Amino acid sequence: MLKEYFRLGRPVNALAGCIAVFLSGYVAGTASWWPVIIAAVTVLLITVSTNAWNDYVDIEIDRVNKPERPLPAGLISPRGALFFSAAGTALSLLLAAFINQPAFLIALGSNILLYLYSWRLKCTILWGNAAVAAIVGLCFIFGGVAAGNIEPVLMLAVTVFFAIMAREILKTMADYKGDLQHNCRTVATAWGKRNARLFLIGFLIIACLAMLATYFIEQYSLAYLLLVIFILFPLFAFVIFKARSDASSKVLEKSSKIFKYGFFIWFLAVALGAGLAL
């Protein structure tokens with residue numbers, strides 16, 4: 001049973017958010033790592049609890065798109081998923097309160113926005129995608145707040161917002177079949193996969209420009225620029241190439257996973273860029 005709740009919460013998906021918090025603390029030059037550690041655990045709890053809520057709301061859609069998940073497979077009851085989600089949310093707010101008041105407000109707002117996303121915003125054109133992108137961007141602000149200095153992480157938050165917007169569009173293309181069957185309006189189902197791909201390319205270009213701007217604004221070391229230009233940009237180009245409008249859901253899902261790996265390359269670039277610039 002614990003294994004199924006682990007699958008329900010998908011804590012591995014929170015890894016990027018937790019790394020973002022630690023990276024923000026590092027870039028911000030934190031004087032104490034304890035608030036940053038608490039912030040990272042808070043992000044983990046928020047992610048796990050809202051993932052459970054998302055699966056509760058999307059149980060019928062997941063019967064088509066992801067039937068192997070614990071709820072549509074009948075391995076966890078809907079009531080159990082709700083209790084798991086509520087407990088994780090309450091604990092995340094409790095931990096955030098120990099950091100400081102701004103951190104608590106960010107955690108509260110993030111929880112509310114993610115619950116609204118699954119309940120009402122997911123099946124909207126761009127609004128739901130923007131909500132998810134804003135939450136991930138807030139991970140950097142959250143880490144900066146815990147470290148006591150948000151100025152060095154503002155450009156990181158902007159960059160990741162547009163990168164997540166691109167990946168969210170890609171995910172709507174991958175989930176096209178199930179979303180269409182359940183009348184879930186997304187960029188892909190409302191305007192077609194071809195137009196969705198144009199949005200993917202547009203947001204990705206803005207994210208790439210923000211990455212380059214970060215190098216000059218924050219005066220990172222050359223290591224950052226080399227990783228971004230010679231590894232990250234080719235990876236993004238490959239994703240765009242594979243994410244054709246006629247690509248299968250399986251290909252699009254794999255492209256989304258490859259996109260996710262790009263974030264970890266960027267994290268490494270930021271760590272080296274900021275660290276070697278000191």
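Run the helix sum for the chain: -39,500 (n - 2.57) per DSSP H stretch of 4+ residues, divided by residue count, reported at 222 nm to the nearest 500 deg cm²/dmol. Could you put the intermediate results ahead of the total?
Values: 14 runs with 211 residues, N = 278.
When only DSSP H runs of four or more count, the value is -25000 deg cm²/dmol.
List the aspartates and glutamates whose alpha-carbon lies under 15 Å from that of LYS254, not counting same-chain residues fewer than 8 positions away?
Within the straight-line limit of under 15 Å, LYS254 reaches these aspartates and glutamates: GLU168, ASP175, ASP246.
Over all directions, the average projected area of the alpha-carbon convex hull for the range 152-278 comes to how many nm²?
One quarter of the hull surface, i.e. the mean projection, equals 7.3 nm².
Which FRET efficiency value, to the nearest 0.05, do you get for PHE6 and LEU91 by plugging their Cβ-Cβ distance into 1/(1 + (r/R0)^6) with R0 = 22 Å?
0.85
Could you line up TRP266, TRP33 from fewest to most neighbouring Cβ atoms inside 10 Å?
Listed from fewest to most nearby Cβ atoms, that is TRP33, TRP266.
About the Cα centre, and with charges only on the beta carbon of Lys, Arg (+1) and Asp, Glu (-1), how big is the dipole of the range 1-151? Nearest 20 debye, please.
Working: 9 positive and 7 negative charges, 47 e Å.
Dipole about the Cα centre, nearest 20: 220 debye.
How large are Rg and Dmax for the range 1-149 when calculated on the C-alpha trace, in angstrom?
Answer for the range 1-149, Rg first and Dmax second: 15.5, 49 Å.
Once you keep just the Cα pairs under 8 angstrom separated by 6 or more residues, what percentage relative contact order results for the range 132-178?
Computed value for the range 132-178: 44 percent relative contact order.
Taking the Cα centroid of the range 25-50 and of the range 127-162, what is the distance between the two, rounded to the nearest whole Å?
13 Å
Where does each of PHE104, PHE6 land when they are ranked from fewest to most other beta-carbon atoms within 10 angstrom?
By the 10 Å Cβ count, ascending, the order reads PHE6, PHE104.
In whole angstrom, how far apart do the alpha carbon centroids of the range 252-278 and the range 87-101 sit?
28 Å
Percent relative contact order of the chain, based on C-alpha pairs within less than 8 angstrom and at least six residues apart?
Once divided by the residue count of the chain, the mean separation gives 19 percent.
Which links in LYS171/LYS260; LYS66/LYS171; LYS122/LYS193; LYS3/LYS250 stretch past 20 Å when you go from one Cα to the other?
Violating the 20 Å limit, Cα to Cα: LYS3/LYS250.
Could you put MET173, MET165 in order, starting from the residue whose Cβ has the fewest other Cβ atoms within 10 Å?
MET165, MET173
Laboratory data are not the source of any read-out in this text; all were calculated from the coordinates shown. Keep in mind it's a predicted model, so treat the numbers as computed, not measured. Neighbour counts are summed over all protein chains in view; Cβ atoms, including those assigned to glycine, are modelled from backbone coordinates with ideal geometry.
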